[in-house]
Amino acid sequence: MNKINIAIDGPAGAGKSTVARTAASQLQYVYIDTGAMYRALTWNAIHHNVDIQDEEGISVLLKKTDIELLPSPEGNRVFVDGEEVTSAIRSNDVTAAVSDVSAHAKVRRQMVKKQQELAQNRGAVLDGRDIGTTVLPHAELKVFLSASVEERARRRHLENVEKGISSDLQMMMKDIQARDEKDAGRDISPLVQADDAVKVDTTDLSAEEAAAEICEMARERIHEI
Ligand code: CDP
Ligand code: CDP
């Protein structure tokens, strides 16, 4: 059977990681969470007191940082220089800083190269912001997931409540909007739907329904090739 590359992009809370992970598992493909790579670098910058606005400093740090993604049923387990940071990279501090770190051109160049190497010559599902436009412009299937900002904030809020983390829905909405604006407004590889991506609005879809839709499209593409 043909092995294809699948690119899944979209804003925070659209369902990218849930859908990407489920599709990868059903197709027996590797799942690569590129947002986790930017979060891992951001965590390391905070850990080493590197100014997140300092492009050169962050870029030098990235060259010295070993970021490893390991598969698990819940998504990617993430390691920085051998230390597991899977939960730590989801902290509010990292979330607040990650869009600034990922806006640096030198950082993006290195990350894109790593991500292309991870996807090369294999069945792979990558999710992020610039997969269909920059990382895998020739991906056989590109999906742009969206959902209303209210629904995306509600999902993230629910996740916090379930984990017992204090959370405020209005604040969550503001944080998500601010991150959307930074990700969509930056000069390099902004969050934008690729011309040849299929848009899937998940506002009224369950994660299972959205994943089933993507898997169906992937199987169609595999049979076409
Ligand atoms: O899971 P969530 O949607 O909150 O975000 P994420 O996928 O973990 O990505 C965190 C941040 O990394 C995003 O807000 C972007 O600033 C950045 N990112 C990026 O610039 N390019 C990517 N391919 C993936 C993430
Ligand atoms: O990766 P991204 O930030 O785009 O979203 P996610 O982390 O996959 O999804 C955020 C939350 O919304 C998770 O708790 C999912 O289970 C949930 N979700 C949902 O309720 N309905 C969907 N259609 C997709 C995701």
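Between E56 and H223, what FRET efficiency follows from the Cβ-Cβ distance if R0 is 45 Å, with the result rounded to 0.05?
On the way: r = 48 Å, r/R0 = 1.06.
Calculated value: 0.40.
Note on N160 and H47: the model spin-label points, each 7 Å out from Cα along the C-beta direction, lie 2.5 nm apart.
Of K3/K142; K63/K114; K16/K142; K3/K63; K16/K106; K16/K113, which sit over 19 Å apart, Cα to Cα?
Where the Cα-Cα span goes over 19 Å, the pairs concerned are K3/K63; K16/K106; K16/K113.
Based on Cα contacts under 8 Å between residues 6+ apart, region 6-224 shows a relative contact order of 32 percent.
What shape does region 81-161 take by its C-alpha gyration tensor, where a ≥ b ≥ c are the square roots of the eigenvalues and a/c under 1.5 counts as rounded, a/b above b/c as prolate, and the rest as oblate? Oblate, since a/c reaches 1.5 and b/c is not below a/b.
Split the accessible area of region 16-138 by element, probe 1.4 Å, and carbon with sulfur accounts for 47%. Which of rounded, prolate or oblate describes region 100-221 when judged by the alpha-carbon gyration tensor and an a/c cut-off of 1.5? Note, shape of region 100-221 comes out oblate. Normalised Debye scattering of the chain at q = 0.07, 0.08, 0.16 Å⁻¹ gives log10 I(q)/I(0) of -0.20, -0.26, -1.15, counting only Cα atoms as equal scatterers and leaving out solvent. DSSP assigns beta bridges within the chain; of those with both partners inside it, close to 30 percent run antiparallel.
Screening the chain for whole DSSP H helices of 15 Å or more along their axis (Cα) with average Kyte-Doolittle hydropathy at least 0.0 returns 34-47.
In region 6-224, a dipole from Cβ-located charges (positive for Lys and Arg, negative for Asp and Glu) runs towards its positive end, and of T34, Q120, I188 it is Q120 whose Cα lies farthest in that direction.
On a per residue basis, region 1-133 carries 44 Å² of accessible surface, using protein heavy atoms and a 1.4 Å probe.
The values are calculated or read from the model by the stated rules, or taken from the named source; none is laboratory data. The structure displayed is predicted, hence computed values, not measured ones. Glycine gets a Cβ as well: all are built from the backbone with ideal geometry, and neighbour counts include every protein chain shown. For the accessible areas, the whole protein counts, side chains as well, though only heavy atoms, and no ligand, DNA or RNA atoms are used. Shrake-Rupley method; radii C 1.70, N 1.55, O 1.52, S 1.80 Å.
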